[in-house]
Amino acid sequence: MTIELRKIGKQFPGVRALHDVSLAIGPRSPEVLGLVGENGAGKSTLIKILGGVYPVGTFAGEVVIAGKLQAFRNTGDARRAGVAVVHQELALVPELSVADNLVLGREPSHFGLVDAASTHAAAREILAGIGATEIPLDAPVGELGIGVQQLLEIARALADRARVVVLDEPTAALTDRETARLFELVRARRAAGTSFVYISHRLEEIRELCDRVAVLRDGELVGVLPPQDIDPIVLAMTGDDDRTRTRTRARARTRSEHEHEPILEVRELSVAHPALPGRRVVDGLSFSLHAGEVVALAGAMGAGRTATLSALFGAARSEVRGEIRIAGRTTAIRSPRDAIAAGLALVPEDRKAHGIVLGASVADNLALAALPRLSRFGVVDAARAEHLARERVRDLSIKVPGLGAEVATLSGGNQQKVVIGKWLEDDLAPGAKARGPRSGTKVLLLDEPTRGVDVGAKAELYAVIEALLVRGHAVVLASSDLPEVVRLADRVLVLREGKLAGELVGADITQLAIMQLAVGTISAAMAQEALGAART
């Protein structure tokens, strides 16, 4: 069965997610089609259209299955048409048994009651279809390993008679043995007539498993390539990589003046995986950071960027080991309170959940980090708080109808300015007479600082970051936006599965070099040697 996506386009406010994407799945015979691209390239949006998450009428173009135009109103319509999507976040019910999960939504019943014997028989048949009859039917799913849960999700999809199954980063939490078993299942089902769309940042898996590879970049399909040679795929993902960065003279002087002593040193930082014993999401990471410098953490999804910042800010959800030194002194950071006291401030990846209080006013949000010095005997000095908020709004050019406006009513860019502004003490506008960040803040930890903001707001946020750096403060930047990393970073630490894959410095920082290290197609030494040869 052939599925055709014809001239697919999708717009979000201020963002073009997909443009004129046409792609056929299984045009001649069942296949495993790899779907790759940088974060934000449009992969998730495309599979949500294919899977019925975005209903007909909310996107441009057509979905055609076996020659028939489809009009999916929801995911149920897509499943009935033969399309199943297995998302990275599994949709199983941990408290229910294996059998109950496998028939969930289509339980066998007798006189309105679920028939237990028929449920077990149906579940046993589903497991036999994937060669996994050893999985106990009565075991609660939550007690099983991630690899088994992944197989159950695929088994449930195949039980719906899916002719095309989308696997979104299916091996992110699997062991090598579980991955091998998954691959055997995919190959067997392909031979039996099922096509797969396989999404993964692990290009070695794409090469091993896939028949063709579709590459998305900036919402457009830039090529469908053979999987055997990884380098053309990486080049297609990154595109033209000749862009260079600009630096102000003032910032260069500031960095050279402070370069002799690190403001932050991280030694052998390790963070345990919160769900998988023995696994680490960060594994032995060491680096230093100087005043006036940006060190960027780059890598594919799940490489350990956010986990590193959470550990530095004392917000990790699992065991953290290693040594953190601030201005030459070993510092124990067990909580965000410890981090703030040590001079670290976090702008989190999910600003709405962890960076701001959406229902509170602009003024209240901007005063959050300063409450201890704005209060006396537990009472906030309202006049001082309002004065502080007016300074932030002025210095960061935050567009608000008034200080009493709820933060939820602001644009994404202005919300992000509020998140940054709460850490600042005085004027921050570029060129303003200011003392910069809050007196205790030395290092800003920025996690995806421009995600969800428009181009104009990005430029304004970059100007804010540059102003901070000129005044001698430092930034650890975690970003999946490679042009952003290339523009801002003095050094880039490329992470792969929690470990340092390589470091790039200065003119060696390019999108291509970052991607090659992130996916493991080249070593740091090889990348720098190749780049040096190219420049000569």
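The values are calculated or read from the model by the stated rules, or taken from the named source; none is laboratory data. What you see is a predicted model; the values in this text were computed from it and never measured. Cβ: placed from backbone, ideal geometry, glycine included. Neighbour counts: every protein chain shown.
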Could you list, in sequence order, all residues of the range 446-466 that are under 15 Å from Gly292 (Cα atoms), surrounded by fewer than 24 Cβ atoms within 10 Å (Cβ to Cβ) and among the hydrophobic types (A, V, I, L, M, F, W, C)?
Ala463, Val464, Ile465
Across the range 40-93, what is the number of residues that are closer than 17 Å to Arg16 by Cα and not polar (S, T, N, Q)?
13
Could you tell me how many of the residues in the range 128-150 are at pLDDT 85 or above, within 17 Å of Arg187 (Cα to Cα) and either among the hydroxyl-bearing types (Ser, Thr, Tyr) or buried (at least 21 other Cβ atoms within 10 Å of the Cβ) (or both)?
0
With the range 1-119 as the region, which helices (runs of 4 or more DSSP H) entirely inside it contain at least 2 residues that are closer than 30 Å to Ser411 by Cα?
43-50
Since Ala311 meets every condition but one in (1) crowded, with 20+ Cβ neighbours inside 10 Å; (2) assigned to a helix (DSSP H, G or I); (3) out of contact with any strand residue (DSSP E or B) (no Cβ under 9 Å at 6 or more places or on another chain), which condition does it not meet?
(3)
List, please: which pairs have Cβ atoms under 9 Å, are six or more places apart or on different chains, and start with a residue in the range 172-193 that is more than 19 Å from Gln149 (Cα to Cα) and end with one that is aromatic (Phe, Trp, Tyr)?
Arg190/Phe196
Contact list please: Cβ distance under 7 Å, first residue in the range 328-344 and in the same structural domain as Lys422 (by TED's automatic domain parsing), second residue surrounded by fewer than 14 Cβ atoms within 10 Å (Cβ to Cβ) and not in a loop (DSSP other than H, G, I, E, B), pairs at least six apart or on different chains.
Thr330/Glu323
Regarding Leu366, is this residue touching a Lys or Arg at 6+ places or on another chain (Cβ under 7 Å) and more than 27 Å from Val476 (Cβ to Cβ)?
no
